[in-house]
Amino acid sequence: MNFLTLSTLSLSLFILPVSAQTVQFNIEGIQHDKGKLYIQLFKGENNFKKGKAHNEAIVNAKKGQLTVTFNNVEPGDYAIRYFHDENSNRDFDNNMFGMPIEGYGFSNNAPVNFGPPSYQQMTFMVSNVTVINSSTVNY
Amino acid sequence: MQRREALKSMLGLSVAAAACSPFPALANLASANEDIMAQFATSFDKAVLNNPNLIGLKSMSGDIPWQNLTIEGKLPKALRGNFYRNGPAVHQRNGQRYTHLFEGDGMIQHFNFTDTGIQHRAKFVKTNKYTQEQAADKFLFSGPNSKLPGSLPVNKTDIINAANTNIIPVNGELWALWEAGSATAIDASSLDAKGLVNLGENTRYGNSLKGLAFSAHPKIEADGTIWNFGSTVTGDIVLYHLNNRGITQKVNLLKTNYRGGMLHDFLITQNNILIILPSLDRDKTDERLFSAIRFNNSLPMKVLVIDKNTLTLTREYQVDAGFAFHFGNAWEDTDGTIRFDASLYPNCENLHHMSDLMRGKTSDATPANTVLFTLYKNGSAHKQTIAGISEFPRVYDHLTGLQNNLLVTLSSIQSDVWSDSVRVINVNNGKQDTFVYGEDFLVEEHVIVDNSHQEGNGYLVGTALHVPSKRTCVNVFKVGHVSDGPVCRAWLGQALSLGFHGNFLTL
């Protein structure tokens, strides 16, 4: 299996209308350089619930902050989720109770409080300007 | 896992995290428009002015350095060692107060029994939560029961692990225990927190045990073998077998579908683990953890019998509806008949009483009695109630999982607020030897200290808060002569917040 691995990413994976925009996603609070970050961009709640990503990226972890850029994103409502595959096993590790034990997060820095945020908390609109969005990793 | 599969798994696991969290999903946490915690603080501050008994529920202001205690009576020469206790000691910050007694940050009380007397010191468990909130001088995180407006994210239970319920010795260090998260390792010399214990580290379990609940009531056999459980509100129960150095040997997950939300204690026998599921339901419209728990009289208590060798369920019993925080001991006859005792409540009023107390309201919650259960091989069960109010049961350490004749409990004779007495019960004939401290005292758990491995020998050691003088004392009784009163009492210079559990490590 070939994996797309970039340090700072600029993706143009789709041919899209001229009105398409750029989504710049800043991930902050990365604890160390080990492993990779897996990031997914979803268009619309249905796709999010189905796990059907509009675009995906994998980047090398970098302590502190990194930025992922999704280019040519057509207008609509979107959400991003990601996890830090700290041990490079290509999996989002969880404990026996199914609770995450690796870092993860969502667009809008949507808060995790006794459970994951709703899609509404992490959604953002793409229209005719560049979107800049941020999240701090939950470890 | 392939990239797409790994990414795809995120949604499922995130949802699983919510479903399996020991705490309910508090979707509207940040938008709560009523600051209940502020209301509790106002109410308590007013009530404590008129009810001196509430001083045991005030917060401690900080660590306490070593102090020599003033001794009355004579400290027995045979009693040398370290007595550690743990309990919640920050209930209130910056005009906000937790809504349940179980939520405050843990503080370790250390009493050192030496040839020169008894010294005491105390130190808060420096969890990440405590450290951050102490620096901010305000609460930053919601608790299991307390909805803090604008709480920082709580993405796993250890974020709010208060390490406040028990403290046990493990392989030269101490573990401060909480109900719904990891143990916190404590340096036994400095009482400094060393970090959360990852029970799978350096074992075949790796990180799969990271952050799992490890209950505050592990059972430790005479050879140091540790058994424990952890549970979630969805009824998943993890069972642990650790060796005497705290290294995980065996783990298994039981999916019980129990939704009562409160499994506080458990038992072992020589061959089995007993998980007792009390008669509780949860009110799904209530987002809080403890406040949502309801007693359901139509639900029998279930006793799950789990083989220690395989950690799998082998039998299940049903007994009358009831609820217990604490059990003393269990053991089994050669024919497989299982016997155990419980400080059994007829409902769960006392759980909610501990929320009322936090706002300064005393109530008449129905107390517990010691009840002796017998589970026969044919599936039938029998119970026998021993007279008197009962809580914080203890047996001799060397008899954990084996037949005991004596059971130590606290009791209440004059007080309707807290325990006011300690007693030793002979479970064979019901005979009781009781010392009543009196209603001026708030009496805490008493532990048995004995190196002879002979029931009736040794000492009882426990703390009590003397309300009129606002001082806590540690008391020593001869187990065989409790009603004679303490042979030694040592006074601190101040009152300590009421705590929960602890242990005495003899030299």
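The values are calculated or read from the model by the stated rules, or taken from the named source; none is laboratory data. No experiment lies behind these values; they were computed from the predicted model shown. Backbone-built Cβ (ideal geometry, glycine too); neighbour counts: all protein chains shown. Ligands, DNA and RNA are stripped out before the accessible areas are found, and what is left, the full protein with its side chains, is counted by its heavy atoms. Shrake-Rupley method; radii C 1.70, N 1.55, O 1.52, S 1.80 Å.
Over 32 Å, how big is the tail of the calculated P(r) for chain B, in percent of all Cα pairs?
39
Using modelled backbone amide H atoms (1.01 Å from N, in-plane), which distant-in-sequence or interchain residues come within less than 5 Å of B:Lys194's amide H?
Correct list: B:Ala185, B:Ile186, B:Asp187.
Among the lysines, select those whose C-alpha is under 18 Å from the C-alpha of B:Lys74, and discard any that sit fewer than 8 residues away in the same chain.
B:Lys478
Could you name the aspartates and glutamates in cross-link range of B:Lys147, using Cα to Cα under 15 Å and dropping any fewer than eight places away on the same chain?
Filter leaves B:Glu34, B:Asp35, B:Glu103, B:Asp286, B:Glu287.
Report the Cα-based extents of region A:21-136 along its three principal axes, largest first, to the nearest Å.
Projected onto the principal axes, the Cα atoms of region A:21-136 cover 41, 27, 22 Å.
Using a basic spin-label model with each label point 7 Å from the Cα along Cα→Cβ, how many nm lie between B:Asp223 and B:Thr312?
Taking the two extended label points, one gets 2.4 nm.
Compute the separation of the alpha-carbon centres of region B:319-353 and region B:386-407 and state it in Å as a whole number.
So the separation of the two Cα centres works out to 12 Å.
Test of understanding: extend the Cα→C-beta vector of B:Gln270 to 7 Å, then name every residue of region B:316-332 with backbone N under 15 Å from that spot.
B:330-332
How large is the direction-averaged shadow of the alpha-carbon convex hull of region B:248-359, in nm²?
Answer in nm², one decimal: 8.4.
So how strong a dipole does the protein assembly as shown carry about its Cα centre when Lys and Arg Cβ are +1 and Asp and Glu Cβ are -1, to the nearest 20 debye?
1000
In sequence order, what are the phi-derived ³J(HN,Hα) couplings for region B:149-156 according to the Karplus relation 6.51 cos²θ - 1.76 cosθ + 1.60 with θ = phi - 60°, rounded to whole Hz, with x for glycine and proline?
x, x, 4, 5, x, 10, 9, 7
Taking 0.36 nm per residue of sequence separation and subtracting the Cα-Cα distance, how much length would be gained by fully extending the chain between B:Glu72 and B:Ile55, in nm to one decimal?
Here the answer is 3.8 nm.
How much of the accessible area of region B:245-351, probe 1.4 Å, is carbon plus sulfur, in whole percent?
With neighbouring chains kept in place, the figure for region B:245-351 is 43 percent.
Cross-link list B:Lys77/B:Lys470; B:Lys284/B:Lys470; B:Lys156/B:Lys284: which exceed 31 angstrom alpha carbon to alpha carbon?
Exceeds cut-off: B:Lys284/B:Lys470.
Leaving out ligands, DNA and RNA, and with a 1.4 Å probe, what % of the accessible surface on chain A is carbon or sulfur?
Ligands and nucleic acids excluded, carbon and sulfur reach 48 percent.
Please sort by residue number the trypsin sites (Lys or Arg not before Pro) in region B:201-252 whose DSSP state is loop and whose Cβ has at most 10 other Cβ atoms within 10 Å.
Hits after loop and neighbour filter: B:Arg204, B:Arg245.
How compact and how long is the protein assembly as shown, expressed as Rg and Dmax of its alpha-carbon atoms in Å?
26.4, 91
Quick one: putting +1 on the C-beta of Lys and Arg, -1 on the C-beta of Asp and Glu, what dipole do you get for region A:21-136 around its Cα centre, in Debye to the nearest 20?
With only Lys, Arg, Asp and Glu charged at Cβ, the dipole is about 100 debye.
Would you mind getting the accessible area per residue of region A:21-136, heavy atoms of the protein chains only, 1.4 Å probe, in Å²?
So region A:21-136 comes to 37 Å² accessible per residue, rounded to a whole number.
Could you derive backbone 3J(HN,Hα) for region B:371-387 from the dihedral phi with the Karplus parameters 6.51, -1.76 and 1.60 (θ = phi - 60°), listing whole Hz in sequence and x where the residue is Gly or Pro?
Whole-Hz 3J(HN,Hα) from phi for region B:371-387: 10, 9, 9, 10, 10, 8, 4, 7, x, 7, 9, 9, 9, 9, 9, 9, 4.
Can you tell me the accessible area per residue over region B:56-506, all protein chains present, probe 1.4 angstrom, in square angstrom?
With the other protein chains kept in place, region B:56-506 gives 35 Å² per residue.
What 222 nm value per residue comes from the helices of chain B, counting each DSSP H run with n ≥ 4 as -39,500 (n - 2.57) and dividing by all residues, nearest 500 deg cm²/dmol?
-3000 deg cm²/dmol
I need the phi-derived Karplus couplings for region A:108-125: 6.51 cos²θ - 1.76 cosθ + 1.60, θ = phi - 60°, integer Hz, Gly and Pro marked x.
6, 6, 3, x, 9, 10, 6, x, x, x, 7, 4, 4, 6, 9, 7, 9, 9
What pairs from A:Lys34/B:Lys138; B:Lys58/B:Lys255; B:Lys138/B:Lys361 go past 31 Å between their alpha carbons?
Flagged as over cut-off: A:Lys34/B:Lys138; B:Lys58/B:Lys255.
What's the total accessible area buried between chains A and B, using a 1.4 Å probe, rounded to the nearest 100 Å²?
Rounded to the nearest hundred, the buried surface is 3600 Å².
Once R0 is set to 35 Å, what does the formula 1/(1 + (r/R0)^6) return for the Cβ-Cβ distance between A:Ser19 and B:Asp35, expressed as a FRET efficiency to the nearest 0.05?
After rounding to 0.05, the efficiency reads 0.15.
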